[in-house]
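Let me begin by presenting the structure, written as structure tokens, before commenting on it.
The values are calculated or read from the model by the stated rules, or taken from the named source; none is laboratory data. In this text the structure is predicted, and so the values were computed from the model without any measurement. Cβ placement follows ideal geometry from the backbone for every residue including glycine, while neighbour counts extend to all protein chains displayed.
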Amino acid sequence: MWDTDTNTKISEIINCIPEGQFIFVEDIKSGVSNWSNEAVEYFGLSGNSIRNTKEIIQEMTHPDDKERLQKEFDEVFFKQKESFFSIFQVRNVKGEYIPCTCKSKMICDEGGNPYIFIGSLTVHKGEEYDAVTDLPKLQKFLSHISQTKKDNKECLLMAFELKHFNNINALYGYSFGNRVLYETAKMIRGII
């Protein structure tokens, strides 16, 4: 495990992440990962430092998503790829399954051995937001435009289309298509 100073700094970073986003950092040698206070409360974890991150996330995952998520984890842990992006349902402390996005990366030491497994879980904000892009759905968007008009504020409206997007899903599968949508939305948020 890391020294106390490093552990404290990691905990400080983890605890300042926005609501609905949870970061985990696992030391592969010790098998211990650090989670925010909010994650402990939201998911009902046993504490901020827990063992076997992969198994904990698998345990919280909806049964329909477990096999696919296990494959993603295995590919990273067995160094077939260095990171993954997956959308699945995760169980909260109330026992409800909520859509979330998980992005994770394995960091290796100088010898190429797995050293740190780091990732984020983003819990999607319910029916008002799209589970893939985390952008407002149409009704939420229109409500925001209406409120902007009522407040006499100016706004800029931009529309665009991803031409032939169905070809991406057909050629590379829905997981890859979801990743393209997520990354596109992320770029748009970065511009606005």
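Pull up the stretch 88-102, narrow it to residues that are in contact with a Lys or Arg (Cβ under 9 Å, 6 or more places away or on another chain) and of a type in the set (A, V, I, L, M, F, W, C), then point me to the one that is farthest from Ile116 (Cα to Cα). The extreme case among them is Ile98.
Phe117 meets all of the listed conditions (1) modelled with pLDDT of 85 or more; (2) over 30 Å from Val40 (Cβ atoms) but one, namely (2). Checking Phe117, Phe88 one by one, the residue that is assigned to a strand (DSSP E or B), closer than 22 Å to Ala185 by Cα and among the aromatic types (Phe, Trp, Tyr) is Phe88 and no other.
Being within 20 Å of Phe24 (Cβ to Cβ) and either within 21 Å of the chain's Cα centre (by Cα) or assigned to a loop (DSSP other than H, G, I, E, B) (or both) is not true of Thr133.
Filtering the stretch 48-82 to residues that are loosely packed, with under 13 Cβ neighbours inside 10 Å and either at positive phi or not assigned by TED's automatic domain parsing to the domain that holds Met106 (or both) leaves only Lys79. Do we find that Phe141 is in a helix (DSSP H, G or I), among the aromatic types (Phe, Trp, Tyr) and without any contact (Cβ under 8 Å) to a residue 12 or more places away in the chain in this structure? So Phe141 fits the description; yes. Does Ile107 satisfy the criteria of being on the phi < 0 side of the Ramachandran plot, touching a Phe, Trp or Tyr at 6+ places or on another chain (Cβ under 6 Å) and not basic (Lys, Arg)? Spelling it out, Ile107 is indeed on the phi < 0 side of the Ramachandran plot, touching a Phe, Trp or Tyr at 6+ places or on another chain (Cβ under 6 Å) and not basic (Lys, Arg).
Quick check on the stretch 4-39: of everything there that is part of a helix (DSSP H, G or I) and out of contact with any strand residue (DSSP E or B) (no Cβ under 9 Å at 6 or more places or on another chain), which residue is modelled with the highest pLDDT? Residue satisfying both the conditions and the ranking: Asn37. Within the stretch 34-69, restricting attention to residues that are in contact (Cβ under 8 Å) with a residue 24 or more places away in the chain and of a type in the set (Phe, Trp, Tyr), the residue that is nearest to Arg91 (Cα to Cα) is Phe43.
The set of residues in the stretch 144-192 being modelled with pLDDT of 80 or more, exposed (fewer than 10 other Cβ atoms within 10 Å of the Cβ) and charged (D, E, K, R) consists of Asp151, Lys153, Glu154, Glu161, Lys163. The sole residue among Val123, Val132 that is surrounded by 16 or more Cβ atoms within 10 Å (Cβ to Cβ), at pLDDT below 80 and under 30 Å from Val40 (Cβ atoms) is Val132.
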